[in-house]
Amino acid sequence: MHRLTQLMIFGIAFVALPFAGCTVSEMWEMVKQGLREGLPDLNDVDPDNYDCSVKAQVSGTAFGFAAGTTGGGSAAAAAPSSLEELAEWITDDTPRTILIDRTWDFVGTEGTTSGQCCSTRTTTCEGGTSAGQASIQDTCDDGTWVDCTYDNAAKTPLQVGSNKSIVGVGSDGVLRGKGLRVIDGNSNIIIQNIHITQLNPEYVWGGDAITLDGSDQVWIDHNKFSLAGRQFIVSGWGPAGHVTISHNEFDGVTDWSAGCNGKHYWTMLLIGEEDYYTFSNNYVHDVSGRAPHMGTANTDSTNFFHGVNNYFQNIGGHAFDIDTNTWVLLEGNYFDSVDTPLTETSLTSGALIYNVPTVDSASACSASLGYICEWNRLANSGEWPERTDADVLSVASQYTDSLIGHVGVAEVPDDVVANAGVGKL
Ligand SMILES: *[C@@H]1O[C@H](CO)[C@@H](O)[C@H](O)[C@H]1NC(C)=O
């Protein structure tokens, strides 16, 4: 039977049969899984005892620098039934496909700390349009101490074991009040279709969503990040390794902004020792800084970054801030209402940047990369200073297997908004 006909019959059966306990998004997952992997014989299905959740799985295959990442691989997908089980499954060393089928709320589970936080001008925000953030820290040389209370759970992310897929079901997967951290040489991890949020957004150092420090082979795909105290994604000082960050939504809307403008400042800080990033099709909006910052002079590091087909929108501050020890190829990105697409200091830091500012510079990719790069486009935005460092192309030519293709930059806004974030698989 034709696949589409099969799917339609299957879909109609879902509507007609009382599949006990299945949410609409779980049923939709099952239909999509059926398309990919073949449909179950409905004669064999007992709708009253059907476990919908086990039909969800990782969607797609890792590409770019994280190609080959398989996460939990063929481990049977299962949804934990308690916070303790969730934490155990994420942190143990058993390969797993862990379904996040609800909001797991860690806020309050480890108590709160009341004490003093450091307030500076990015806290008081005179003349700003939102409140700022006080800092959870031990010294306060250029500020004043203020009372503060923060949640403890967000300060200690879950440590992800090797060979894990952590996958949201439909648009139901939320980690509230706790982030994820990959350290100690752990690798082969897929984080897909989950929303990480509520990490003490009032306070700098309140919590990071995803930390990579001594990791390798990590695919961060179709997630949403919002309301963090500190970074949405951070790497350093150990290697982050081979990482693909694709189709994520970085939503910076906040009531507490170190940029004092209702937009989150600490978007991404990528300063690992040896990092290779594919950063593609992400929707980065309503942030005010470090979107992203990469590179550092503090270590003898290597950071290769391929940023392609991302949509940066409503950035009241800066997008790219690039320090030394970096090789950065930026193509097919769309900047809409971005104050500073690329900081001035990026131009003098020693960073090597190829930012495809012209038709000629797009064509010039061919000799090294075997394809014509896509230029970047700006609307209602600040300057895009021309940088075409040839070393970027010669280094990139060693990694052509990891350079993914692109769509025309004109398609980026619609395409990215329609497909980035949770519930879009
Ligand atoms: C992860 O999978 C790889 C490849 O199968 C294996 O070599 C490694 O031991 C696994 N790690 C853990 C912690 O199970």
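The values are calculated or read from the model by the stated rules, or taken from the named source; none is laboratory data. Everything numeric here is computed off the predicted structure, so don't read it as measured data. Heads up, the Cβs are rebuilt from the backbone with ideal geometry, glycines too, and the neighbour counts pull from every protein chain shown.
Please work out which residue is surrounded by the most Cβ atoms within 10 Å (Cβ to Cβ), limiting yourself to region 196-220 and to residues that are more than 16 Å from the ligand (Cβ to nearest atom), in a strand (DSSP E or B) and not aliphatic (A, V, I, L, M). Can you show your working first?
If we filter region 196-220 for residues that are more than 16 Å from the ligand (Cβ to nearest atom), which is where we start, we get 196-213, 220.
From what is left, the residues that are in a strand (DSSP E or B) are 196-197, 199, 203-204, 210-213, 220.
Of the ones still in play, those that are also not aliphatic (A, V, I, L, M) are 197, 203, 211, 213.
Details: 197: 22, 203: 25, 211: 23, 213: 17.
Top of the filtered list is 203.
With respect to residue 193, determine if the residue is more than 20 Å from residue 258 (Cβ to Cβ), crowded, with 18+ Cβ neighbours inside 10 Å, modelled with pLDDT of 95 or more and within 16 Å of the ligand (Cβ to nearest atom).
Values: more than 20 Å from residue 258 (Cβ to Cβ): yes; crowded, with 18+ Cβ neighbours inside 10 Å: yes; modelled with pLDDT of 95 or more: yes; within 16 Å of the ligand (Cβ to nearest atom): no.
Taking the combined requirement at face value, the residue does not satisfy it.
Going through region 400-413 one residue at a time, which ones are assigned to a helix (DSSP H, G or I), over 19 Å from the mean Cα position of the chain (by Cα) and not β-branched (Val, Ile, Thr)? Steps first, answer last, please.
First pass over region 400-413, keeping only residues assigned to a helix (DSSP H, G or I): 400-402, 409-413.
Okay, now just the ones that are also over 19 Å from the mean Cα position of the chain (by Cα), so 400-401, 409-411.
Result: 401, 410, 411.
Looking at the structure I just gave you, is residue 191 hydrophobic (A, V, I, L, M, F, W, C) and either within 21 Å of residue 287 (Cα to Cα) or without any contact (Cβ under 8 Å) to a residue 40 or more places away in the chain (or both)? Spell out how you get there, then give the answer.
Numbers: hydrophobic (A, V, I, L, M, F, W, C): yes; either within 21 Å of residue 287 (Cα to Cα) or without any contact (Cβ under 8 Å) to a residue 40 or more places away in the chain (or both): yes.
It is true that residue 191 is hydrophobic (A, V, I, L, M, F, W, C) and either within 21 Å of residue 287 (Cα to Cα) or without any contact (Cβ under 8 Å) to a residue 40 or more places away in the chain (or both).
Say whether the condition of being assigned to a loop (DSSP other than H, G, I, E, B), at negative phi and loosely packed, with under 14 Cβ neighbours inside 10 Å is met by at least one residue in region 111-125. Spell out how you get there, then give the answer.
Our first condition is that a residue be assigned to a loop (DSSP other than H, G, I, E, B); within region 111-125, this holds for 111, 120, 125.
Those left that are additionally at negative phi: 120.
Then keep just the ones that are loosely packed, with under 14 Cβ neighbours inside 10 Å; that gives none.
Checked region 111-125: no residue is assigned to a loop (DSSP other than H, G, I, E, B), at negative phi and loosely packed, with under 14 Cβ neighbours inside 10 Å.
Of the residues 92, 101, 141, which single one is within 16 Å of the ligand (Cβ to nearest atom), out of contact with any strand residue (DSSP E or B) (no Cβ under 7 Å at 6 or more places or on another chain) and either touching a residue at least 12 places away in the same chain (Cβ under 8 Å) or more than 29 Å from residue 243 (Cβ to Cβ) (or both)? Working first, answer last.
Values: 101 fails: within 16 Å of the ligand (Cβ to nearest atom); 141 fails: within 16 Å of the ligand (Cβ to nearest atom).
Result of the check over 92, 101, 141: 92.
Output the strands (runs of 3 or more DSSP E) that fall wholly within region 245-289 and possess 2 or more residues being crowded, with 23+ Cβ neighbours inside 10 Å and among the hydrophobic types (A, V, I, L, M, F, W, C), or say none. Spell out the reasoning first.
Values: elements: 249-251, 268-270, 274-280, 283-285.
Here the list reads 268-270.
Please go through region 317-366 and pick out each residue that is free of Cβ contacts under 8 Å to residues at least 24 places away in the same chain and among the small types (Gly, Ala, Ser).
363, 366, listed by residue number.
If I ask for residues that are touching a residue at least 40 places away in the same chain (Cβ under 8 Å) and not aromatic (Phe, Trp, Tyr), which ones from region 104-122 would you list?
So the first thing to find is which residues in region 104-122 are touching a residue at least 40 places away in the same chain (Cβ under 8 Å), and the list is 104-112, 117, 122.
Once the filter is applied, which keeps residues that are touching a residue at least 40 places away in the same chain (Cβ under 8 Å) and not aromatic (Phe, Trp, Tyr), region 104-122 yields 105, 107, 108, 109, 110, 111, 112, 117, 122.
Of these, 234, 218, 169, which one is farther than 20 Å from residue 291 by Cα and β-branched (Val, Ile, Thr)? Give the steps one after another, and end with the answer.
Working: 234 fails: farther than 20 Å from residue 291 by Cα; 218 fails: farther than 20 Å from residue 291 by Cα.
It is 169.
Would you please list the contacts, defined by Cβ atoms under 9 Å and residues six or more apart or on different chains, that run from a residue in region 168-185 that is closer than 26 Å to residue 242 by Cα to a residue that is among the β-branched types (Val, Ile, Thr) and at pLDDT below 95?
169/23
Could you give me the residue pairs with C-beta distances under 8 Å whose first residue belongs to region 68-86 and is part of a helix (DSSP H, G or I), whose second residue is among the polar types (S, T, N, Q) wherever it lies, and which are 6+ apart or on separate chains?
Hits for this filter: 83/109.
This table checks each residue for (1) under 12 Å from residue 225 (Cα atoms); (2) hydroxyl-bearing (Ser, Thr, Tyr).
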residue	(1), (2)
252	yes, no
263	no, no
267	yes, yes
272	no, no
284	yes, no
287	yes, no
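Give region 414-425 a look and list any residue that's part of a loop (DSSP other than H, G, I, E, B) and buried (at least 20 other Cβ atoms within 10 Å of the Cβ), or say none.
Passing the criteria: 420, 421, 422, 425.
Is there a residue in region 127-137 that is surrounded by fewer than 15 Cβ atoms within 10 Å (Cβ to Cβ), in a strand (DSSP E or B), hydroxyl-bearing (Ser, Thr, Tyr) and more than 16 Å from the ligand (Cβ to nearest atom)?
No: region 127-137 contains no residue that is surrounded by fewer than 15 Cβ atoms within 10 Å (Cβ to Cβ), in a strand (DSSP E or B), hydroxyl-bearing (Ser, Thr, Tyr) and more than 16 Å from the ligand (Cβ to nearest atom).
Where residues in region 148-190 are within 16 Å of the ligand (Cβ to nearest atom) and assigned to a loop (DSSP other than H, G, I, E, B), which of them is nearest to the chain's Cα centre (by Cα)?
Ranking the qualifying residues of region 148-190, first place goes to 160.
For residue 284, indicate whether it is among the aliphatic types (A, V, I, L, M), without any contact (Cβ under 8 Å) to a residue 60 or more places away in the chain and touching an Asp or Glu at 6+ places or on another chain (Cβ under 7 Å).
Details: among the aliphatic types (A, V, I, L, M): yes; without any contact (Cβ under 8 Å) to a residue 60 or more places away in the chain: yes; touching an Asp or Glu at 6+ places or on another chain (Cβ under 7 Å): no.
Answer is no for this residue.
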